4 protein chains.
Amino acid sequence: MNFASDNTGRVHPKIMAALAAANEGHLPSYGTDPITRAAQDRIREIFEAPEAAVHFVSTGTASNALALSLLTPGWGRVFCHENAHIQTSETGAPEFFMGGGKLLLVGGEGGKMDTASFAHALQTYGDASVHAGQNSGLSLTNGTEAGTIYSVGEVRDLSAMAHDAGLAVHMDGARFANALAAQNTSAADATWRAGVDILSLGATKNGCMGAEAVVIFDPAKSMEFEYRRKRGGHLFSKHRYLSAQILAWLDDGLWLELAGHANAMARALAEGLAGIAGVAIDQRVETNGVFVTLPQAAVTRLVAAGASFHYWPEPAEGDASVSLRLICGWDTRPEDVERFLSVLREG
Amino acid sequence: MNFASDNTGRVHPKIMAALAAANEGHLPSYGTDPITRAAQDRIREIFEAPEAAVHFVSTGTASNALALSLLTPGWGRVFCHENAHIQTSETGAPEFFMGGGKLLLVGGEGGKMDTASFAHALQTYGDASVHAGQNSGLSLTNGTEAGTIYSVGEVRDLSAMAHDAGLAVHMDGARFANALAAQNTSAADATWRAGVDILSLGATKNGCMGAEAVVIFDPAKSMEFEYRRKRGGHLFSKHRYLSAQILAWLDDGLWLELAGHANAMARALAEGLAGIAGVAIDQRVETNGVFVTLPQAAVTRLVAAGASFHYWPEPAEGDASVSLRLICGWDTRPEDVERFLSVLREG
Amino acid sequence: MNFASDNTGRVHPKIMAALAAANEGHLPSYGTDPITRAAQDRIREIFEAPEAAVHFVSTGTASNALALSLLTPGWGRVFCHENAHIQTSETGAPEFFMGGGKLLLVGGEGGKMDTASFAHALQTYGDASVHAGQNSGLSLTNGTEAGTIYSVGEVRDLSAMAHDAGLAVHMDGARFANALAAQNTSAADATWRAGVDILSLGATKNGCMGAEAVVIFDPAKSMEFEYRRKRGGHLFSKHRYLSAQILAWLDDGLWLELAGHANAMARALAEGLAGIAGVAIDQRVETNGVFVTLPQAAVTRLVAAGASFHYWPEPAEGDASVSLRLICGWDTRPEDVERFLSVLREG
Amino acid sequence: MNFASDNTGRVHPKIMAALAAANEGHLPSYGTDPITRAAQDRIREIFEAPEAAVHFVSTGTASNALALSLLTPGWGRVFCHENAHIQTSETGAPEFFMGGGKLLLVGGEGGKMDTASFAHALQTYGDASVHAGQNSGLSLTNGTEAGTIYSVGEVRDLSAMAHDAGLAVHMDGARFANALAAQNTSAADATWRAGVDILSLGATKNGCMGAEAVVIFDPAKSMEFEYRRKRGGHLFSKHRYLSAQILAWLDDGLWLELAGHANAMARALAEGLAGIAGVAIDQRVETNGVFVTLPQAAVTRLVAAGASFHYWPEPAEGDASVSLRLICGWDTRPEDVERFLSVLREG
């Protein structure tokens, strides 16, 4: 009954098997090996982007911060949702890699900005100037930190506004597989065809050990990325082990299968919760997270039964009802969901 | 016959097995899991440093750059050998993480500074001042980039000079295991008892997949390291897989066994080379690297026979003799060495 | 009729005279001259802070950004009002000098946060953590960007909350003289006795050519400031000319006299405006700025009559009424105010 | 008898007069005033570079560091002489503004690199790569820190080598006026026609109060410079006072007249010194500095007589002879030189 995070889970057996298979003989280091080339090619194929530059790193924070640093000078300003992971949970990594660039916060329900809130922020923060800084980027998280998704149309509209304002578009895709699995669309339609310039494509949360891809749809920026990655200490020497994870994760659509399973578990959990008295679902459940408010007494029972989760936000002393984030992963089992619901129903 | 780099090799089977064993169930993320605690404790025990802070990252560049940034403000100056990896091969990562700090170069034979060359550099660069900057660190690589080692006495003397000059001491131990295996001493004697303040302890080159430990003998700096690691994008989410590598690598002295084997292969290679006409050994062979100069014709034969290595330095067009770096790893086999020598002897 | 900015004005004749008087013979450079020492001592005396470190720079942005960098590591977070100059008008200088630190925005009427809005922000952004960053500073602007002031009691209450939360307190005093002249209090009571740790004391807007003092009440940080100032390119070589401005500005209370005059002109302007139909005063007028909303037609007349000012904010095409910022300076004459009011009254 | 530095001197009366003349009425701030435009135009005219971008800052360190940051990314490498001011005396400001870029040191007699020593350095540091970094700039100081000059031909040859190697060329012209006054050439021939891409044109040492121009011969970089200047805290608000200095300094060739005088005084000093027994001139005297070695006893007499200068380098306890740097300025009088020589001759 671990619903704490998709980072507490393990590595999918097929990915472990790929690591074992890659563990033969000598191969060139630093990303010049054939496994890396194969993984890069596979991503270009899936995204129908034969010219895209594709590079791998081992953490999501590195992926986001390096990607943003390609879009934004040290005097630049990047718009993002006020709950974006790059703002709340990366300890200034974006600012560090951008060389001091600034994140400007946009409001919006369900972890999403919309064209109105983005327009409002553009007006609030005003035009670029030597006093204000250069407006340089928009970062959208898809799937969002609130378990919701931006539709292809929403990405297209926000990207168009961004491009009109001179901003390049980054997508934090830590849960891009979950977002894609939740929609009837293609990887290309959900990204570059909708205006995304750089995608941070997350694999760690979705079955890998520690592997993320940065997909740069304008290949002219590729060499700069390579310099920045090395300078950030993010160029793996035994690079095959990074690439082998990605390759296995993409093979036969495993990435979408795992994400789809996690989404289905979250949906089942949400449906069960909706039928329990005193429990309120706080956000639309579109990917693998369920945000819920319920009585403190129920939470006490869940803890006693061994359930894991994060309070969202931290409750104050004596609150009668508290809010939780429940995350499902590729390895969440129907019986975990069922048992969680049972504990609540017994109340 | 791959002598290109200790980064082209594979992961030791025991370490692969440890990764598989760690791949069970849910564990807390971001370094709060029991495997991480066990690996940290094991290092404290081996280094007889019960209070030391121990943190893990996945690349040597991150390990060095983060360690240096703990010692040096952005206006600081760190002395290192002119051939140090932090100067020649890390694309400004130390300067980036230090926030602009400067590396000051010290000469010396065999990839090593000595007390005379260090004293000369201290005098050349002069006292700290608001115009010159703050003298803040000394970084020693052990084993060195030239296949040699600093003895315990040499580390002690250089560290004492550094401390007298107000400098903290960092050791780039990308090949610390090789240096330790080559000497009859303890990990503690070779580091903190000799004056080392922070050790970047490399495991990747010596059988791991991508795992390095930073050992901070003054634990007061631990939290700062954690902030810096996260901000650098170097905090692994599924952290158990970093720690499991380290733990297996240290288990039953595997780290020293592997390093000792690599050293022995280099020694065998050097001994064989020494008996071949026209071949000159350029550096003392004390760890796992052999630096050698030989006729171009011999190199052509080696290439034809499938040998891999790096030119050191790049030869100019038409040079009659060229210089090579030959690196042995934990997985170098006696028959690789023998075959390499045979090709040369057949000339 | 120039109400555009206190930066468009000239240098007070007494300060020009002091520069001429300082222009004799040779003096040590880089701040080791007697004029600098005298100016530092004068500030220590006025602030009743005999131990304070006092350093001079030539721009307000440098003063703020360097001061903040003393309080905040690159992974730190500084709370400030959402309209603070450091957030809106310094192009990322604070982030650059802090090495990537983050500004967290606090709301509040009249350009001021209050204990409720600050408490709300502290709760919103949460505790320091390796994921969120280190909460390190609070920056208050006094007089504010909206022409208002924080009372001594308000500074004391906010500083106490900040210190309780582990934050150090910076005051952006670009218009500190105006704030002090508006209150019946001492420089010490308005700063360190109320909890301010570092003051950026502005003189440029108030009669100097380009001179600002940074007053660091904890002298242990003095040398770090000196390194940071030099590294930022802000250590004047012919330093006497910076210090001579400050000394003359403080002499015989000139600084408060000039600020008091500017405040009085703003008050007179506001009183006149209040009596004109269709004109609304938008903020309490407590220092030298008047924020006013009036019909577009009136503004057209003002422009035709040669008045200068900034729109605040930029009006949209076709707005019937627009908002202006009117700034008075030490050199604003009663007849400028009168003529401005006359143009409006004639409407 | 002050030969300590050209920074200990005062401001030329014509420049003081220009500041007084500029002190009238209101003018737009932040560099949009007519005095600034006039000063920019004057520089474009003198350098026969009608398209060049020209911006002003107040310190030489800011001028150099900002200029270098235009040429060099954070992973870049800039070649400079080992005694260059940017390496020895700016506390890491270049590295800070470049975002971590690296200075690579080139040897050479008389404070100058030559084509051989530069070629040697290019070979030593090798090609750009993702491991080594990007070779991006060459910085030449003219006049040099050793009182010598690069001839137009020397600048042309070194710049051509730099451009061939993909490096842009910066000239640290803190004493460019002295170098120009010493040669029969034009400002254009000595800079962009010889291959210089950006010039830091120093005026402070040569009669100004604190004013330096950055001349960017490729105007496409102008806006980036403006962002960087503001972000560095180097955009003066009351900008007219910076520009008025530059304008008066250039008027009627005052800059070359003052530099020529300083050079002549140095030449007279050197000629006198050459005739005194036991005194050795250490460098060719081509601008306004004289580097000399003489007996300790003579130095003691000079000190007793009230002479000021810098030891170069710091002598060790008990040295029989010591070395000095003697700098002449626009305000050095023939009688100062004569008295200095007299004290020595009396020995």
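The values are calculated or read from the model by the stated rules, or taken from the named source; none is laboratory data. This one's a predicted model, so the numbers in the text were calculated from it and none came from an experiment. As a convention, Cβ positions derive from the backbone with ideal geometry for all residues, glycine included, and neighbour counts pool all protein chains shown. Just the protein is used for accessible areas: all its heavy atoms, side chains included, with ligands, DNA and RNA removed. Shrake-Rupley method; radii C 1.70, N 1.55, O 1.52, S 1.80 Å.
Quick rundown of the values:
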read-out: Selection status of D:Gly195, over 19 Å from D:Thr36 (Cα atoms), assigned by TED's automatic domain parsing to the domain that holds D:Ile43 and over 19 Å from the mean Cα position of the chain (by Cα); value: no
read-out: Subset tally (residues that are within 17 Å of the chain's Cα centre (by Cα) and either closer than 12 Å to A:Thr287 by Cβ or surrounded by fewer than 24 Cβ atoms within 10 Å (Cβ to Cβ) (or both)) for the stretch A:161-185; value: 11
read-out: Enumeration of residues in the stretch A:169-202 that are under 16 Å from A:Ile43 (Cβ atoms) and among the β-branched types (Val, Ile, Thr); value: A:Thr191, A:Val196, A:Ile198
read-out: All positions within the stretch C:85-127 that are touching a Gly at 6+ places or on another chain (Cβ under 7 Å), away from chain A (no Cβ under 13 Å) and without any contact (Cβ under 8 Å) to a residue 24 or more places away in the chain; value: C:Ser117
read-out: Filter result (within 14 Å of chain B (Cβ to nearest Cβ) and among the β-branched types (Val, Ile, Thr)) within the stretch A:61-84; value: A:Thr61
read-out: Any hit, the stretch D:37-60, residues being open to solvent by 10 Å² or more (accessible area, probe 1.4 Å), touching a helix residue (DSSP H, G or I) at 6+ places or on another chain (Cβ under 6 Å), among the basic types (Lys, Arg) and away from chain C (no Cβ under 12 Å); value: yes
read-out: Verdict on C:Arg325 being of a type in the set (Lys, Arg), farther than 21 Å from A:Gln123 by Cβ, surrounded by 12 or more Cβ atoms within 10 Å (Cβ to Cβ) and modelled with pLDDT of 95 or more; value: no
read-out: Evaluation of C:Tyr227 against (1) within 14 Å of another protein chain (Cβ to nearest Cβ); (2) out of contact with any strand residue (DSSP E or B) (no Cβ under 7 Å at 6 or more places or on another chain); (3) open to solvent by 10 Å² or more (accessible area, probe 1.4 Å) (one fails), failing number; value: (2)
read-out: Among (1) closer than 21 Å to A:Gly143 by Cβ; (2) surrounded by 24 or more Cβ atoms within 10 Å (Cβ to Cβ), the one test that A:Ala268 misses; value: (2)
read-out: Members of the stretch B:72-86 found to be buried (at least 24 other Cβ atoms within 10 Å of the Cβ) and touching a strand residue (DSSP E or B) at 6+ places or on another chain (Cβ under 7 Å), listed by number; value: B:Thr72, B:Trp75, B:Gly76, B:Val78, B:Phe79, B:Cys80, B:His81, B:Ala84, B:Ile86
read-out: Of residues in the stretch B:100-131 being among the hydroxyl-bearing types (Ser, Thr, Tyr) and touching a Leu at 6+ places or on another chain (Cβ under 9 Å), the one most open to solvent (accessible area, probe 1.4 Å); value: B:Thr124
read-out: Subset of the stretch C:1-15 (residues that are among the hydrophobic types (A, V, I, L, M, F, W, C) and either free of Cβ contacts under 8 Å to residues at least 60 places away in the same chain or within 23 Å of C:Glu145 (Cβ to Cβ) (or both)); value: C:Met1, C:Phe3, C:Ala4
read-out: Only one of A:Asp331, A:Asp282, A:Asp336 that is in contact with a Ser or Thr (Cβ under 9 Å, 6 or more places away or on another chain), at pLDDT 95 or above and open to solvent by 10 Å² or more (accessible area, probe 1.4 Å); value: A:Asp282
read-out: Checklist (1) within 14 Å of chain A (Cβ to nearest Cβ); (2) in a loop (DSSP other than H, G, I, E, B) applied to B:Leu326, failing item; value: (2)
read-out: Residues of the stretch C:137-166 classified as farther than 13 Å from C:Met113 by Cβ and within 14 Å of chain A (Cβ to nearest Cβ), total; value: 1
read-out: Residues of the stretch D:1-27 satisfying the condition of being at the interface with chain C (Cβ under 7 Å from one of its Cβ atoms) and touching a strand residue (DSSP E or B) at 6+ places or on another chain (Cβ under 7 Å); value: D:Asn2, D:Ser5, D:Thr8, D:His26
read-out: Pair list, Cβ < 8 Å and 6+ apart or interchain, from the stretch C:305-317 residues that are free of Cβ contacts under 8 Å to residues at least 12 places away in the same chain to residues that are open to solvent by less than 60 Å² (accessible area, probe 1.4 Å); value: C:Pro313/A:Gly126; C:Pro313/C:Ser323; C:Glu314/A:Gly126
read-out: Criterion: closer than 23 Å to B:Pro28 by Cβ and among the β-branched types (Val, Ile, Thr) - qualifying residue of A:Thr8, A:Thr36, A:Thr32; value: A:Thr8
read-out: Criterion: among the hydrophobic types (A, V, I, L, M, F, W, C), in contact (Cβ under 8 Å) with a residue 40 or more places away in the chain and open to solvent by less than 10 Å² (accessible area, probe 1.4 Å) - qualifying residue of B:Leu247, B:Leu201; value: B:Leu201
read-out: Some residue of the stretch D:244-252 being more than 30 Å from D:Phe47 (Cβ to Cβ), aliphatic (A, V, I, L, M) and either out of contact with any Ser or Thr (no Cβ under 6 Å at 6 or more places or on another chain) or within 14 Å of chain C (Cβ to nearest Cβ) (or both); value: no
read-out: Qualifying residue in the stretch C:41-58 (condition: among the β-branched types (Val, Ile, Thr) and over 21 Å from B:His131 (Cβ atoms)); value: yes
read-out: Given (1) open to solvent by 10 Å² or more (accessible area, probe 1.4 Å); (2) in a helix (DSSP H, G or I); (3) in contact (Cβ under 8 Å) with a residue 40 or more places away in the chain; (4) within 13 Å of another protein chain (Cβ to nearest Cβ), number of the condition B:Gln134 does not satisfy; value: (2)
